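Worksheet: the structure to be examined is printed underneath.
The values are calculated or read from the model by the stated rules, or taken from the named source; none is laboratory data. Because the structure is a prediction, the values reported are computed rather than measured. Reconstructed Cβ throughout: ideal geometry from the backbone, glycine too, with neighbour counts over all protein chains shown.
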């Protein structure tokens, strides 16, 4: 098990990104790929300026990507669109939670371009066709 941590401090909040890779060397040697996230896995953990722990899952990441790339960052549009896709109640709850966090923190941590590119298709597929899952593949 490998763990890499990165901590960035700004005047608004402290971000602690934790990336965990399962036995990465063995997976690469076997030619296997890392399993795709199911939604409940932790994408990012950070602390607000008061030291409160905040956890974003892949469900959160995917909804953030949809909001930023298809809804111009408008959480009201996300909540409205969530009413027309599978699992509307839970997706609206996620949108409300992320909107509140965004207000409390004066913005959410930016999604690195590489992460957004890797997850762009998956995020829209999840939003339009899948349910919110607390299951974890890693």
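Being touching a strand residue (DSSP E or B) at 6+ places or on another chain (Cβ under 6 Å), on the phi < 0 side of the Ramachandran plot and in contact (Cβ under 8 Å) with a residue 60 or more places away in the chain is the requirement here; does residue 61 meet it? Write out each step before concluding.
Numbers: touching a strand residue (DSSP E or B) at 6+ places or on another chain (Cβ under 6 Å): yes; on the phi < 0 side of the Ramachandran plot: yes; in contact (Cβ under 8 Å) with a residue 60 or more places away in the chain: yes.
So residue 61 fits the description; yes.
Residues that are under 17 Å from the mean Cα position of the chain (by Cα), loosely packed, with under 15 Cβ neighbours inside 10 Å and either under 16 Å from residue 126 (Cβ atoms) or without any contact (Cβ under 8 Å) to a residue 12 or more places away in the chain (or both) within segment 75-96 comprise just one, 93.
Considering only segment 78-99, how many residues are part of a helix (DSSP H, G or I) and closer than 13 Å to residue 63 by Cβ?
Initially, segment 78-99 is screened for residues part of a helix (DSSP H, G or I), giving 78-82, 88-99.
Then keep just the ones that are closer than 13 Å to residue 63 by Cβ; that gives 78-79, 81-82, 88, 90-99.
Residues flagged as part of a helix (DSSP H, G or I) and closer than 13 Å to residue 63 by Cβ within segment 78-99 amount to 15.
Take the residues in segment 26-46 that are modelled with pLDDT under 95 and either assigned to a loop (DSSP other than H, G, I, E, B) or within 27 Å of residue 78 (Cβ to Cβ) (or both); name whichever of them is farthest from the chain's Cα centre (by Cα). First the steps, then the outcome.
Quick first cut of segment 26-46, residues modelled with pLDDT under 95 only: 26-36.
From the residues that got through so far, the ones that are either assigned to a loop (DSSP other than H, G, I, E, B) or within 27 Å of residue 78 (Cβ to Cβ) (or both) too are 30-36.
On the way: 30: 28, 31: 27, 32: 24, 33: 20, 34: 17, 35: 16, 36: 13 Å.
In this case the residue turns out to be 30.
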